[in-house]
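The values are calculated or read from the model by the stated rules, or taken from the named source; none is laboratory data. Everything quoted here is computed from the prediction, not taken from an experiment. So basically every Cβ, Gly included, is an ideal-geometry build from the backbone, and we count neighbours across all protein chains shown.
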Amino acid sequence: MSDSVQLLEPPKPRKKENVIFRGKNFKTQFYGGSNPTSLIGDFPELRSFMQDSIKQHPSLPRVQRELKSLQIKWKAEKQTVFPSIKGEFLHLFPDEETSNRLIHVYLDTVETTYRVVHVPSFWKEYQSFLVDRKSARPAFVILMLLMMSTASCLSGEKSTHVGDSAVVRERAALWIEVSEQWLQKQSHKQIYLAIWQIRCLLLLSKQVNVIKKKRIWTEAGTLLRQAMAAGFHRDPGNLGQKCTGFDHEMRRRLWATITELELQASIDRGMPSALAGVSSDCATVQNIDDDDLIDEADDTSRSKNWDLYTASSYLHVSRSSFALRATLNSLVNNLGLPLQWEQVVDYEELVKAEVENLPSWMRSSPSDGGGGLSGAILQIQLQQLLILLHMPFARKMDPNSRCSVSRMICFQAAERILEQVRKLSQHQYSFILLFRQEYFRAALAVCHCAYIAHNIPGDLLGTNIRPSIEYLDDSLMLFEDRITRLGTDFTRYWYISAGRSLLNSAVDPSDETRQKQQAIEHVARQYHRIRGSQEDSISVKIRLNLTEPPATGDPNALAAFYDSSYDYESVNPTKVVDAYIKKHLIGADEGLEHAYTNSTEKGLPMIAVSPAQGKFASMLTTIGSARNVLEIGTLGGYSTIWFAKAVKGRGKVTSIEVSPHHRDVAIENLRAAGVRVPEEVDVLLGAGLEVLPKLAAEIEKGEREAFDFVFIDADWPNQWNYFDFGVKVSKGQGAVIYIDNVVQNMLESGIVGKNQRDEEAVDVVAKTGADYRVDAVVMQTVGSKTHDGFLLAIVK
Ligand SMILES: C[S@@+](CC[C@H](N)C(=O)[O-])C[C@H]1O[C@@H](n2cnc3c(N)ncnc32)[C@H](O)[C@@H]1O
């Protein structure tokens, strides 16, 4: 910079700004005005509504703590599960079907908007890779891992969770980590196209997978500066013959991609872009499909008409509004004087002119061609500016007509953003869902504007809150899907769920207490959902291709495999075997799995039998050709479903449950698993010792058939009483009585072992041994549950 250039004195920060500035000493964080969460700072009614709700309903912090401890446990296990990369990473590559699917998802989403690879050249190299993996260029393998990691949570692949993360997100995190390590080892002197592509994809993939999200803005800025240091902001035409026509265009695409990523990261963070004040003469990306990008001398005349859609249209069109977006971002995040109304109106006109100028393919339906996603992003990135511009006026609880107009404009812009996302819901929408944040900002704006308008009679927006609540309902579905795909990011769901309840309470203040409870229950359900679909870390390891279990069933080979790949210190080895058993001998059953997850979501304790135990007990009924099964202790009906499947067409299950809530959830789960209630399973509500005498009386009178199999899994102090009744209601000789958890009961009550003897405890084993009516044995068990055992008796 020449000495004669005067540095402009930046404005002093104003006293009151809507920013997040928290932490202490040197460990602080700052998020400026355009950061969506900063908007909450100016919505005190929502904040206090949320605080009160939490105070009144402590169930949320409880489930949050539970998930947090699972997350901590997984983080510790991950240290042993994730490999340190020593140069060899091909084995991490998934099977061909998975890689094909993920790569297609990547190309259908990212590469129809931001441009990183040249698709025809990519396919060519990919085909050779499939033929001979070992000869692939390492940079190409890394590029593919990053393409797949970007698509990992987008693909809609059904995923279980581990800690507070989806397994598919953990897979993406692994690929990202490997790629980052590889990139760090590369020489800074030898930079080629793939290195830039990898740099871009690293940023993109971290953003989509919400990995190290607090660093996204700084990393985007670093990438931008690296690109400027390499002269990407200057048109490659300046390099003359030293760069081919193909490379010219790839450089322009990468520069456009990097600048778009950086600008959006700045808006999301609430910070000025590193590009503010930077001049660039890099030409706009050509509006051409990849097949038209051939290695010839540069020729911009090939660029197609503005109104024709190509795979590069997003970058081509987006450039037109780039300067305006960057300027507005700087203005709304400026710590000096806020924008005056007249300025807001002028800028609004400019934004509207850009919206008007959007090409005609924008208005076609997403299914008409590839333009749906690009169109939605172009529209959304402009509409978000209207919210940012008008929100400072819109959020004032002021009947002034300017504020009223601003509320109207914000609301309509938010409406359009949410409409765009909804329009894409069948196709490619997952990219918007995970990569962009505007719909969160839009949902908050809908909530805030509707709330204020409701409190100001005669406001332009009107006082009818219903349409806004419908928008928030739609948004909650989006956030629910986002949580499922990522396994995390509950906070936004919580904001919107609370906002929805706040609006409902504004309509009917007498309903406020119930609304608060509902807001909490909704978000707690999200935590329960994720907690209920946890996967064992060894299965995660297998799913992530971190190791291949031997194909053979040879127990020695298997033991060696688990020995070498498993850390006994941190994980219970019996769980490994249970996971393995589940994988090979039990598999996935939608009804049973739903029973587990739905029960957890509905707040039932996780004390159902394990999959292997459920299968084993139900096989016993098959071996004995049991017709009538009696179960004491239904919970969510998990074991009941196993029995129902085993006796289907042959008999019936009767299950006794004392808790009405457990009974209701069990019936829901049974029906969801295709079991007819009460025809195939009858769930009787009541305490075991009250229901059993009635059953005995009915059997006595010939009104009910006696039972062939009795499964006792309720309160432990009554195990012996249930057993005694079990024998009475059984069909007699050959009937089987099964009591679960006898070993744990014995140990805990000090009948055996080092615990102090509980004088009240009944020694079920000794009493059964002395009972002339039966012959019995106890089998100790291990598995995904702790050391335990069941008692099995046959009536003589
Ligand atoms: C261990 S759970 C049953 C698990 C279930 N069998 C499974 O594996 O899916 C015990 C259930 O017994 C119920 N229970 C507790 N005391 C009971 C009683 N006195 N009579 C009937 N059910 C009882 C509890 O409400 C709980 O739902």
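A Cβ distance below 8 Å, combined with a sequence gap of six or more or placement on separate chains, defines the contacts here; from segment 437-456, residues that are among the polar types (S, T, N, Q) reach residues that are part of a helix (DSSP H, G or I) and crowded, with 22+ Cβ neighbours inside 10 Å in the pairs Gln437/Asp268.
Take the conditions more than 30 Å from Phe21 (Cβ to Cβ), surrounded by fewer than 18 Cβ atoms within 10 Å (Cβ to Cβ) and in contact with a Pro (Cβ under 9 Å, 6 or more places away or on another chain) and apply them to Leu308. Does it pass? It is true that Leu308 is more than 30 Å from Phe21 (Cβ to Cβ), surrounded by fewer than 18 Cβ atoms within 10 Å (Cβ to Cβ) and in contact with a Pro (Cβ under 9 Å, 6 or more places away or on another chain).
Being surrounded by 23 or more Cβ atoms within 10 Å (Cβ to Cβ) and either over 30 Å from Val110 (Cβ atoms) or of a type in the set (Lys, Arg) (or both) holds for only one residue in Arg466, Arg441, and it is Arg441. If you filter segment 583-621 down to residues that are of a type in the set (A, V, I, L, M, F, W, C) and surrounded by fewer than 16 Cβ atoms within 10 Å (Cβ to Cβ), you find that the one that is nearest to the ligand (Cβ to nearest atom) is Ile607. Residues in segment 90-126 that are surrounded by fewer than 16 Cβ atoms within 10 Å (Cβ to Cβ), among the acidic types (Asp, Glu) and in contact (Cβ under 8 Å) with a residue 24 or more places away in the chain: Glu96 alone. Among residues of segment 422-436 being part of a helix (DSSP H, G or I) and over 19 Å from Ile267 (Cα atoms), the one that is nearest to the chain's Cα centre (by Cα) is Ser430. Checking segment 393-410 against the condition returns a match, with at least one residue being of a type in the set (Ser, Thr, Tyr), farther than 30 Å from Ser149 by Cα, more than 18 Å from the chain's Cα centre (by Cα) and at pLDDT 90 or above. Among the conditions (1) surrounded by fewer than 21 Cβ atoms within 10 Å (Cβ to Cβ); (2) under 20 Å from the mean Cα position of the chain (by Cα), Arg137 misses just one, which is (2).
Condition check ((1) within 12 Å of the ligand (Cβ to nearest atom); (2) within 24 Å of Leu692 (Cβ to Cβ); (3) hydroxyl-bearing (Ser, Thr, Tyr); (4) modelled with pLDDT under 90) across all residues:
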residue: Gly734; (1), (2), (3), (4): no, yes, no, no
residue: Ile737; (1), (2), (3), (4): no, yes, no, no
residue: Asn741; (1), (2), (3), (4): yes, yes, no, no
residue: Ser749; (1), (2), (3), (4): no, yes, yes, yes
residue: Gly753; (1), (2), (3), (4): no, no, no, yes
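Applying the condition of being in a loop (DSSP other than H, G, I, E, B) and in contact with a helix residue (DSSP H, G or I) (Cβ under 7 Å, 6 or more places away or on another chain) to segment 746-772 and asking which residue is nearest to Asn718 (Cα to Cα) yields Val762. In segment 332-347 there is at least one residue matching the filter, namely being of a type outside the set (S, T, N, Q) and within 32 Å of the chain's Cα centre (by Cα). When each of Ala672, Ala666 is tested for being crowded, with 19+ Cβ neighbours inside 10 Å, under 38 Å from the mean Cα position of the chain (by Cα) and among the small types (Gly, Ala, Ser), the lone residue that passes is Ala666.
Filtered by the rule that a residue be within 16 Å of the ligand (Cβ to nearest atom) and either modelled with pLDDT of 90 or more or assigned to a strand (DSSP E or B) (or both), segment 773-791 gives Thr781, Asp788, Gly789, Phe790, Leu791. Kindly indicate the residue of segment 647-660 that is near the ligand (Cβ under 8 Å from one of its atoms) and assigned to a loop (DSSP other than H, G, I, E, B) and also nearest to the chain's Cα centre (by Cα) among those meeting that condition. Once the filter is applied, the top-ranked residue is Ser659. Can you find even one residue in segment 636-646 that is more than 10 Å from the ligand (Cβ to nearest atom) and either of a type in the set (Gly, Ala, Ser) or in a strand (DSSP E or B) (or both)? So far as segment 636-646 goes, yes, one or more of its residues are more than 10 Å from the ligand (Cβ to nearest atom) and either of a type in the set (Gly, Ala, Ser) or in a strand (DSSP E or B) (or both).
Conditions tested, residue by residue: (1) at pLDDT below 90; (2) more than 22 Å from Thr113 (Cα to Cα); (3) of a type in the set (D, E, K, R); (4) not in a helix (DSSP H, G or I).
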position: Ile294; (1), (2), (3), (4): yes, no, no, yes
position: Ser318; (1), (2), (3), (4): no, no, no, no
position: Ser321; (1), (2), (3), (4): no, no, no, no
position: Gly336; (1), (2), (3), (4): yes, yes, no, yes
position: Val344; (1), (2), (3), (4): no, yes, no, no
position: Glu354; (1), (2), (3), (4): no, no, yes, no
position: Met362; (1), (2), (3), (4): yes, no, no, no
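Answer yes or no as to whether Ser625 is touching a residue at least 12 places away in the same chain (Cβ under 8 Å) and either within 14 Å of the ligand (Cβ to nearest atom) or part of a helix (DSSP H, G or I) (or both). When the stated conditions are applied, Ser625 does not pass them.
Answer with yes or no whether Glu680 is over 20 Å from Lys582 (Cα atoms) and either within 14 Å of the ligand (Cβ to nearest atom) or under 32 Å from the mean Cα position of the chain (by Cα) (or both). For Glu680, the condition - over 20 Å from Lys582 (Cα atoms) and either within 14 Å of the ligand (Cβ to nearest atom) or under 32 Å from the mean Cα position of the chain (by Cα) (or both) - is not met. If you go through segment 691-723, how many residues are without any contact (Cβ under 8 Å) to a residue 40 or more places away in the chain and away from the ligand (no atom under 16 Å from the Cβ)? Final tally of qualifying residues: 8.
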